[in-house]
Every structure is written in C-alpha cells, then in structure tokens.
1. How many residues are open to solvent by less than 10 Å² (accessible area, probe 1.4 Å), within 30 Å of R231 (Cβ to Cβ) and either over 16 Å from the mean Cα position of the chain (by Cα) or not polar (S, T, N, Q) (or both) if we restrict to segment 293-306?
2. How many residues does segment 311-343 hold that are out of contact with any Leu (no Cβ under 7 Å at 6 or more places or on another chain) and either over 28 Å from A134 (Cα atoms) or among the aliphatic types (A, V, I, L, M) (or both)?
3. Consider S96 carefully, then state whether it is at pLDDT 95 or above, in contact with a strand residue (DSSP E or B) (Cβ under 7 Å, 6 or more places away or on another chain) and either assigned to a helix (DSSP H, G or I) or under 18 Å from G8 (Cα atoms) (or both).
4. If N193 meets every condition in (1) farther than 14 Å from F215 by Cβ; (2) surrounded by fewer than 18 Cβ atoms within 10 Å (Cβ to Cβ) apart from one, which number is that one?
5. Name the single residue, out of those in segment 56-85 being aliphatic (A, V, I, L, M) and in a helix (DSSP H, G or I), that is most open to solvent (accessible area, probe 1.4 Å).
6. So R88 passes all but one of these: (1) over 21 Å from G295 (Cβ atoms); (2) out of contact with any Phe, Trp or Tyr (no Cβ under 8 Å at 6 or more places or on another chain); (3) surrounded by fewer than 16 Cβ atoms within 10 Å (Cβ to Cβ). Which condition number does it fail?
Amino acid sequence: MKISKVIGYGLSSPVKGGHTYYGYQSDVKNIGIVEVHTECGEVGFGETYAGVYCAELIEPTVQYLESYLIGSDVSNVDILNNIPYIGRSGLVKCISSGIDIALHDILSKIQGIPLYEYLGGNNDIPEYASNGSAVFTPEQIEQDVKMVLDKGYTAYKMRIGLQDKDIDLKRLQIARSCLGSNTLMVDAIMGTNPTKWDFKTALQWVDKLQMFNTFWLEEPFIPTDAHAYARLRDKSNISIAGGEALNQLLEFNLYKDVHAVDIIQPDVTNSGGIRDCAAIVNIFGKQNTAMHVWGSQVAINANKHFAKAFDVSYLEVPMMELEINDEIQSDNIGIGIHITDKVKSKYKLNTKKNFKI
C-alpha cells in the first residue's frame, strides 16, 4: 500500500476546568497532528510533541518531509532517518515521530486490529495521574490529589522548583498526606524551568524528598547534562527519572552508558515514534521504562498502545484534560483515533497560544 499524501497541522483546544498551567498563556493548549493518506483511502493519525512548543512549524516541515514519502510503501517506516544530517534529531525527528505513529496506525488498521495487538502484546500497564502544576498553591494540590484518587488512580506526579522552597515543601507535605500509602512522583521540570538547579541544590532536594517517600525525582537538570544526572543518581536514595526531551538514539545511548537515570521516559510523539521507542525499551529494559505523555488523546492512545505492547513499568496520563479529546476518539482499531474536518475547523490553531517560559 503506497503513501499518497502526508499533511501536518496544529490545533488549539481549551483545557477543561479553566486552569492556566505553568508555561501556558491561557487555558488553551496547542497540539500537533500528522496524517498519512494512502492510495487506497486509508488514513493514519499521529501526534508530534512539537505541537506544544511550535505548532506553526509542523505544516511546513511535514510538507518538506512529504517528498520523501510519496509513493513509498507504508511499511517503509525508517525512510526519514536516512535524510542526511537532519533526519535523526531535533525538530525533524520530533515531527517524523508523528509520521511514524500514523504509519503504524495504518499498518494495524489494514489488519483490522488495535495497534498493541499488531505490535504483539496486550499487557495491563500501571498508570499514574500527572498534574500538580508548578504554579498550583498548596490548596490546589490538595484538591488535585483528591480528584485523582476519586478517579481511581493510585499514583500521582506533581511539579516543583518554581515557587519558594518552603511553599514547595508545604505542597509536598499536603500531597503525601492526601495520598496516604499511594505512590508520589516529583518532577523538577528543569527542562523548562528558567531557574536551574545546581548539583548542590538537587542533592538537597533528594534528601528532602526522601521524607515524603518519593518514588522518583524527574528532570532535576537540563536534559543535555547527562553527567550531572549520573552523579546525582549515584548519590541518591530515590530513583532518578528523565528522557522526555531526548529524541535521537544517540542521546538515549549516552544516558544508558553513563547510567544517567533509573527510569527512562521516552514518548512516541518525540522519541522517534514506535520503532525507535522499541529500541529504547530494548536498551533500558521494560522494567526501567515509563512512557511520557503530555499531549492530546492521540498522544495518550499512541503511548498507551505502545506501553501495552512492550509491557513497560508505567504510563503517564495527563490530567490536563482537553475539550478536543472528547471529539477525536473513535474505535479500537489502530490507535483508535479519527479527526474530522469539523473538529479541525472548530479547534483551529492559534499560534499565540504556544508554550512560553
């Protein structure tokens, strides 16, 4: 089956509940979608993490990449990695991750089965509720934890590092109190936080987080400082996690070689799609892999199908619920997504809503 057309576009969706999260300009979030069309009329959908940060670049980048794909068989999923210099990393890699998801969506649709079944697995994966924005007050953290517990989650991730240390400690205290014996993960968001931790600060936070029985500390440094991760991991009594910002196998191999993290967090919408994420699980082991998700229902579904197929340790489920999610779900074939022209028109992209620090 040959590829006849590839299109990419951004969409903007209001967030349910009206919260304005850290880094967002309002209660609206941008997402990036890729469609692959075949000569037989089959359409595959994927998402690229680039939609959060630079949604307006998706359409022209996909237009460029389309020239490599037109006329190719849908099973030729590795073709974009062979573009010299730019194919294996950066924005092109991030956007081609969405293309790879769409291709795998088609491959499983052809067989009339869910993507996880096409990939050869059907495992029950523990999910954790991801919210606790860095700007939430202690009172909002309390409401947040109670909400996720009411939804049936037994693991919760919150963000720290933006507010005063004493306030963050109060937020953590409340979260732990409300969670009881349930699991607490903490994200320092140093990939986007303009005030970076030095090594001493990170080590002090590791000591503090032990008091709250923290399961992991995520992204304590900028993602490029793999050696700082490794030093902290060597001295930490809690697990160190990271990897959502990595998107080429060279970076993941470096993290593995220096023992940068206990838990690697790839995202199929950024880390090379289905094929490269399979390689990442092979490198780190399924028990050390937790899928990152911070997108729309497309990203949630794609990562969930991957997680079920490869039996990873955790799947992130963002509590930043988007209105558009209610309108783009369909069935359990492929990744279970269809986006109509009506939805595209209703949630037309507003580039002024891109994430900004």
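1. From segment 293-306, those open to solvent by less than 10 Å² (accessible area, probe 1.4 Å) are 293, 295-296, 298-299, 302-303, 306; that's our starting set.
Retained after the next criterion (residues that are within 30 Å of R231 (Cβ to Cβ)): 293, 303.
Pick out the ones that are also either over 16 Å from the mean Cα position of the chain (by Cα) or not polar (S, T, N, Q) (or both) and you get 293.
Of the residues in that region, 1 qualify.
2. Let us first name the residues in segment 311-343 that are out of contact with any Leu (no Cβ under 7 Å at 6 or more places or on another chain), namely 311-323, 325-333, 336-343.
If we keep only those that are either over 28 Å from A134 (Cα atoms) or among the aliphatic types (A, V, I, L, M) (or both) too, we end up with 311-312, 315, 317, 319-320, 322, 327-333, 336-343.
Adding up the residues that qualify gives 22.
3. Details: at pLDDT 95 or above: yes; in contact with a strand residue (DSSP E or B) (Cβ under 7 Å, 6 or more places away or on another chain): no; either assigned to a helix (DSSP H, G or I) or under 18 Å from G8 (Cα atoms) (or both): yes.
Answer is no for this residue.
4. Unmet condition: (2).
5. Checking each candidate, the answer is L57.
6. Of everything listed in (1) over 21 Å from G295 (Cβ atoms); (2) out of contact with any Phe, Trp or Tyr (no Cβ under 8 Å at 6 or more places or on another chain); (3) surrounded by fewer than 16 Cβ atoms within 10 Å (Cβ to Cβ), R88 misses just condition (3).
A quick yes/no check of all residues on (1) among the hydroxyl-bearing types (S, T, Y); (2) surrounded by 24 or more Cβ atoms within 10 Å (Cβ to Cβ); (3) in contact (Cβ under 8 Å) with a residue 40 or more places away in the chain:
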residue	(1), (2), (3)
V268	no, yes, yes
N282	no, no, no
G285	no, no, no
K308	no, no, yes
M319	no, no, yes
T351	yes, no, yes
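Residue-by-condition table, conditions (1) aromatic (F, W, Y); (2) modelled with pLDDT of 95 or more; (3) closer than 27 Å to F355 by Cβ:
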| position | (1), (2), (3) |
| --- | --- |
| Y156 | yes, yes, yes |
| I160 | no, yes, yes |
| D164 | no, yes, yes |
| D168 | no, yes, yes |
| A175 | no, yes, yes |
| L179 | no, yes, no |
| V186 | no, yes, yes |
| T192 | no, no, yes |
| W197 | yes, yes, yes |
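The values are calculated or read from the model by the stated rules, or taken from the named source; none is laboratory data. Because the structure is a prediction, the values reported are computed rather than measured. As a convention, Cβ positions derive from the backbone with ideal geometry for all residues, glycine included, and neighbour counts pool all protein chains shown. Please note that ligands, DNA and RNA were not included when accessible areas were found on the heavy atoms of the full protein model with its side chains. Shrake-Rupley method; radii C 1.70, N 1.55, O 1.52, S 1.80 Å.
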